[in-house]
Amino acid sequence: MTEAASTAPLAQTPLHAWHAAHGGRLVDFAGWSMPVQYGSIAAEHTAVRTAAGLFDVSHMGRFRFNHLDEDGSLIAAFLDSVLTRRVTDMKAGQVRYSLVCNEDGGILDDVLVYCAPYDGGGRRFSLVVNASNREKIFHWLQPRLDDFPGVLMEDLTTVFAMIAFQGPKSRALLQPIVDLQLGPMKYYTSAFAQFALPHNRIDGVVSRTGYTGEDGWEIIVPNRDVQAIWEYLLAAGSSEGVIACGLGARDTLRLEAAMPLYGHELNEQINPIEAGLKFAVNLDGREFVGRSALAAAAANDNQPQRVGLTLDGKRVPREGYGVVSGARNCGAVTSGTFSPTLNCPIAMAYVEPEFAAVGTELAVDIRGKAEPCRVVPLPFYKKSS
Amino acid sequence: MQPEQLKFAKTHEWLHLDPATKTATVGLSAFALEALTDLVYVELPKVGVKVSPGQSFGEIESVKAVSDIYSPVSGEITASHGELADHLDKLKSDPYGEGWLVKIKLADEAGLGELLSYGDYQKQCAEEQH
């Protein structure tokens, strides 16, 4: 064992009893008891690619920022000082992917910033952080609030539930129960919404976001209301092939979409430039934690790069397996699976820069045998628009 | 073959011994295959390979993870069910028949005493689920 086993009971989402009653195979994920799958991971994966799938993501950490007598500019200034991507210019309704880095430019977390409208033209902000980093980030942000008097941070993770409804049929199935037009909503925007179910009306937030590479939605509602929406969407979509999906399919879907996962592609020893996330780093005209290290990293052509690999055989590269060019070790796999969509093994890996070009022929050391692979463009899968 | 007629290793392999030829047929239990789900690959040893109890002779891979397959006994591989690689569905549809993996000609009786009856194996599986 590499870590001391925790004796604390696992946290449960408001849908936990539903998962247990519907065959969810429950595992410890970042201290939460979560369903890794209900049946076949491949079937859940395919449902999201061809119809839609429903995920409980209530374990994701959610922090809300407030200020009693201010329009939100000070909250924006605070977040701008701790995030790699500009926040001050965000408009109400926008959602932005960003990173939290330490002074050395190492990635502490990857997050979504939600900017919501507030009283007469003001703004309010929330962060969605990884479950595994929730406490770390909360305690890292807390002392940094001292320079922004009046800005308050609340952890609402256990107060509100969050579900993701993802796939090509998700919009048509969600539309009848929300009081706004989903079609015109752009990717990475959010809105307050009322969900109208046969027996109740629920106030919440809907965003056009997700972690699957498909069109899709994430819905945040009070804990007590989530099961009604969950069951409604499953029932409404059952004839179309909509099913509940676990973390197993979430992982294979995000891997095909080449979305990094904290603890695998991202950690405190990796900077956003290596990770291929330069788009989420705004260096110009602003100061934030890690800026000088990231400016140096951005100018460094000689660092490992995150790449995609596909393999010819059937054996699956797993996290930690070495990537080789002939006899030379040139990198390591961070995530791998058998891609249900491409029907071959795929992996994300960090390799030295001279081996990172698309088309480079390499091999993965799979338990002592070099299995041929090649560098391919990311993402592995892109939805047809 | 019914599981009641078989012996089971703690590592989830089943074994059927033909006393006349001293040859054991080995496969994976339905419980193990159910736990794996989404099989993508199975690698089996070549005929002639020598095995001993607890030694890995192959591997089975699912979308989620890879697992070793261990020999319950000591001997030499006399048959390897190579066509399974293209018919992984047979593992689940008929784990104790068409889903067999290898046949092993026993060198001695090592390992046989460690094997569980189906009833005892089921108890072990019930414990693993908790």
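The values are calculated or read from the model by the stated rules, or taken from the named source; none is laboratory data. In this text, all values refer to a predicted model and were calculated from it rather than measured experimentally. Note that we place each Cβ from the backbone using ideal geometry, even for glycine, and neighbour counts take in every protein chain shown. Only protein heavy atoms, including side chains, enter the accessible area calculation; ligands, DNA and RNA are left aside. Shrake-Rupley method; radii C 1.70, N 1.55, O 1.52, S 1.80 Å.
With unit charges on the beta carbons (Lys and Arg positive, Asp and Glu negative) and the dipole taken about the Cα centre of the protein assembly as shown, which residue among A:Leu174, A:Gly204, B:Ile77 sits farthest to the positive side?
Selected residue: A:Leu174.
Take the Cβ-Cβ distance between A:Ala17 and A:Thr50 as r, set R0 to 22 Å, and report the resulting FRET efficiency rounded to the nearest 0.05.
0.15
So for the protein assembly as shown, what are the equivalent ellipsoid semi-axes in whole Å, largest first, each being the square root of 5 times an eigenvalue of the Cα gyration tensor?
Those come to 46, 28, 20 Å.
What share of Cα pairs, in percent, lie more than 17 angstrom apart in the range B:78-130?
For the range B:78-130, the fraction of Cα-Cα distances above 17 Å is 59 percent.
Would you please classify the overall shape of the range A:85-171 from the alpha carbon gyration tensor, given that a ≥ b ≥ c denote the square roots of the eigenvalues, rounded means a/c under 1.5, and beyond that prolate means a/b larger than b/c while oblate covers the rest?
Working: a/c = 1.57, a/b = 1.20, b/c = 1.31.
It comes out oblate by the Cα gyration axes.
Over 20 Å between C-alpha atoms is what I'm after, so list which of A:Lys314/B:Lys10; A:Lys314/B:Lys64; B:Lys22/B:Lys103 land there. Spell out each step's value before the answer.
On the way: A:Lys314/B:Lys10 27 Å; A:Lys314/B:Lys64 13 Å; B:Lys22/B:Lys103 10 Å.
Result: A:Lys314/B:Lys10 exceed 20 Å.
Compute the Rg to Rh ratio over the range B:1-86 from the alpha carbon atoms, using the Kirkwood formula for Rh, and round to two decimal places. Provide the component values of the computation, followed by the final result.
Values: Rg = 12.8 Å, Rh = 13.5 Å.
Dividing the radius of gyration by the Kirkwood radius yields 0.95.
Could you state the principal axis extents of the C-alpha atoms in the range A:1-107, from the largest down, to the nearest angstrom?
47, 41, 31
Ranked highest first by the average count of other Cβ atoms within 10 Å around their residues, in what order do A:361-371, B:64-74, A:345-355 fall?
Details: A:361-371: 16.9, B:64-74: 19.8, A:345-355: 21.6.
Those peptides, ordered most packed to least, come out A:345-355, B:64-74, A:361-371.
Explain nothing, just the number: dipole magnitude of chain A about its Cα centre with +1 on each Lys and Arg Cβ and -1 on each Asp and Glu Cβ, in debye rounded to the nearest 20. Walk me through the intermediate numbers first.
On the way: 34 positive and 42 negative charges, 204 e Å.
Around 980 debye, computed over chain A.
Taking only the alpha carbons of the range A:304-385, what extent do you get along each of the three principal axes, in Å, biggest first?
41, 25, 18
Per-residue mean of other chain beta-carbon atoms within 10 angstrom of the beta-carbon, peptide A:31-42?
Averaged over the peptide's residues, the number is 2.
Just to confirm, what accessible area per residue do you get for the range A:304-385 at 1.4 Å probe, in whole Å²?
44 Å²
Over both sides of the A-B contact, add up the buried accessible area with a 1.4 Å probe and give it to the nearest 100 Å².
Rounded to the nearest hundred, the buried surface is 1200 Å².
On full extension of the chain, what length is gained from A:Thr310 through A:Gln175, given 0.36 nm per residue of separation minus the C-alpha to C-alpha distance?
Contour length minus the Cα-Cα distance gives 44.9 nm.
Could you tell me which residue out of A:Leu68, A:Ser339, A:Leu127 lies farthest along the dipole of the protein assembly as shown toward its positive end? Charges go on the beta carbon: Lys and Arg +1, Asp and Glu -1, centred on the Cα centre.
Result: A:Ser339, furthest along the dipole toward the positive end.
About its Cα centre, what dipole magnitude does the range B:3-124 give when the only charges are +1 on Lys and Arg Cβ and -1 on Asp and Glu Cβ, stated in debye to the nearest 20?
On the way: 11 positive and 19 negative charges, 52 e Å.
Dipole about the Cα centre, nearest 20: 240 debye.
Return the whole-Å distance between the Cα centroid of the range A:318-342 and the Cα centroid of the range B:83-130.
A separation of 31 Å, based on Cα centres.
Mind listing which chymotrypsin sites (Phe, Trp or Tyr not before Pro) in the range A:169-208 are in a DSSP loop and have 11 or fewer other Cβ atoms within 10 Å?
Loop-located and lightly packed - A:Tyr187.
So if R0 is 51 Å, what FRET efficiency would B:Lys22 and A:Leu145 give, r being the distance between their Cβ atoms, rounded to the nearest 0.05? Walk me through the numbers before you get to the answer.
Working: r = 75 Å, r/R0 = 1.47.
About 0.10, to the nearest 0.05.
Provide the per residue accessible area, probe 1.4 Å, for the range A:1-140, rounded to a whole number of square angstrom. Kindly include the intermediate steps, with their values, before the conclusion.
Values: 5650 Å² over 140 residues.
Per residue, the range A:1-140 has an accessible area of 40 Å².
Apply 1/(1 + (r/R0)^6) to the Cβ-Cβ distance of B:Lys123 and B:Ser56, taking R0 = 25 Å, and write down the FRET efficiency to the nearest 0.05.
Between B:Lys123 and B:Ser56 the formula returns 0.50.
Would you mind estimating how fast the range A:189-331 diffuses translationally, via Stokes-Einstein at 4 °C and 1.567 mPa s with the Kirkwood radius over Cα pairs, in µm²/s? Please list the in-between numbers first.
Working: Rh = 19.3 Å.
Result for D is 67 µm²/s.
Of the heavy-atom accessible surface of chain A (probe 1.4 angstrom), what whole percent is carbon and sulfur?
Using a 1.4 Å probe with all protein chains present, chain A comes out at 52 percent carbon and sulfur.
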